[in-house]
Amino acid sequence: MSASQTAATTLTPARRRGVLAVVLVSLAVVVSAVPSLNVALPDLAKDTGANQTQLQWIVDAYALVFAGLLLPAGAIGDRFGRRPVLVAGLALFAAGAFAAAAADEPGTIIVLRGLSGVGAALVMPTTLSIITSSFPAAERGKAVGAWIGVAGAGAVFGLLTSGLLLEWFSWPSIFVFGGVLAALTLLAAVAVIPNSRDITAPRIDAVSGLLSALGLAGIVYGTIEGPHRGWTDAVTLTAFAIGLLGGALWLGWSLRTTDPMLDPRLFRVRGFATGVLSITVQFFVFFGMVFIVLQYLQLVLDYTALQAGLAMTPMGLVLGGLSRRAPHIVGRIGQRRAAGIGLVLMTAGVLILSRLDAGTSYWPVLAGLLPIGAGMALATAPATTSIVDSLPAHKQGVASAVNDAAREVGGTLGIAVLGSVLNNGYRQGISDNAPAGLPPEAVHAAQESLAVSQAVAERLGAHGEQLGRVAIDAFIDGYAIAYLASAVLLTLTAAAILALGSHRAAGHTKTAVDTPRSKNTPDADTLTTGSNG
């Protein structure tokens, strides 16, 4: 009997059910934090005066820190104990949320969202590790399946919860709700979760973690600030330079160190590389799409926050329902074909969304959202399977961690890049078409965001009506460009996956996958349980 089985059988069935409930709520808290705030962005912009760049940062500060720390956070939990790391993560998340609810300045909210992102990074990989260490092999599959379902459904949960809150309260209520839920879950975790750690966990490669986070932060910062500061501005160029330097240093360090956090040579394995590419692109488009389309629904079509959340629900239902059937479908038609069909469906959906205008009804919106949901359900399963199948058994911890990191990095870059494409088109549209006779300060304010331009327009009489129409047209033009760019990216990714295919690990047993073992999430056979305290 393995160490993990011995540990798992020390917990009663009722205790294991309690453990599962706590880790699933913990996961829901952190994965819903990005979409839950998206629905509040118009109100937040009006109340705080946040411009479009600041709105991107309010969302991406959380996602960026979350993505950048995901791999090292998983290693910290495995090495030092999963329960204390989970508790610390929930505490940091709650602290950031409560403080953000009391803030009234965009810069402060951005910093506090980053603090919550640190907590989220500690929580997400630790929840999966707790499942693998607490459940015997016979029950582990169902528990992991529940974890995957919550990870996917978190977006819909966040949208609906926020929509309901905003029917009666203002945007700080979203932070308060998240903080209260995290605090209550923290108390339950202390009472229910057994402590465990991996006795074989290697040293933590802090240098690799810092360099990768630096590279990602530089690229995202430059991308978000480019439309506001200018693409040739010294700050923008410096950010890109830091990002590229951080990435290059990470690559050099990881190739030289004996036990890297993520071995770059793994990307020589074709299935691993194509799987990571597919996951990254899918969530790049999905997170960017949600960030943009919710503003469109509320600011252009004048939906309430709850109506906007409900409008997105059918996509979530299709995504969740079809995801359960996706493995069966993949088994019948093959991984490459399922992945290609999924990406093509997503392409069709974003092309439909790119055609929306100020007079569009809900039905064309729904016609775009449904194929995106169906496409993600079909494409995610073969991409994840491709990553896992491409590596041998002793590298499954790496495969799981990279799969999660690809999702978060893709989402972070999607909000940054597609949000910047929208922002750039919007600002240019205002500059080119602002009504004659408007004060320069009104034009400058209107360029900050559509929400701000609408507030300015209300104070300008007849000129304000013209400005309002110009601002909506500029937003729609920027929106369309962002979605057309998404369609091109999805098409190129589908072509690459269909052309390259995937090889299983058997074909690569003497390549990069046989480098020294590095565990970021646990393999089943190397777990040990400490005090259940």
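Scanning region 92-124 for residues that are in contact with a Phe, Trp or Tyr (Cβ under 6 Å, 6 or more places away or on another chain) and farther than 17 Å from ASP60 by Cβ yields a single hit, ALA101. Just one of (1) under 26 Å from ILE372 (Cα atoms); (2) outside any helix (DSSP H, G or I) fails for SER162. It is (2).
In this structure, ASP78 qualifies as modelled with pLDDT under 80 and either of a type outside the set (A, V, I, L, M) or under 23 Å from the mean Cα position of the chain (by Cα) (or both).
The set of residues from region 261-288 being surrounded by 22 or more Cβ atoms within 10 Å (Cβ to Cβ) and not in a helix (DSSP H, G or I) comprises MET261, VAL269.
For region 111-143, the candidate set comprises residues that are among the β-branched types (Val, Ile, Thr) and more than 13 Å from LEU70 (Cα to Cα); within that set, the residue that is surrounded by the fewest Cβ atoms within 10 Å (Cβ to Cβ) is VAL111.
You will find that of THR108, THR12, the residue that is of a type in the set (Val, Ile, Thr), surrounded by fewer than 23 Cβ atoms within 10 Å (Cβ to Cβ) and in contact with a helix residue (DSSP H, G or I) (Cβ under 9 Å, 6 or more places away or on another chain) is THR108 and no other. Annotation note: of ASP60, ASP78, ASP47, ASP104, the sole residue that is over 22 Å from ALA151 (Cβ atoms) and part of a helix (DSSP H, G or I) is ASP47.
Exactly one condition in (1) of a type outside the set (D, E, K, R); (2) at pLDDT 85 or above; (3) surrounded by fewer than 20 Cβ atoms within 10 Å (Cβ to Cβ) is not met by GLY149; state its number. (2) is the only condition that GLY149 fails.
Could we say that ALA442 is small (Gly, Ala, Ser) and in contact (Cβ under 8 Å) with a residue 40 or more places away in the chain here? Judged against the criteria, ALA442 is not a match.
The values are calculated or read from the model by the stated rules, or taken from the named source; none is laboratory data. Not measured: the values here are computed from a predicted model. Glycine gets a Cβ as well: all are built from the backbone with ideal geometry, and neighbour counts include every protein chain shown.
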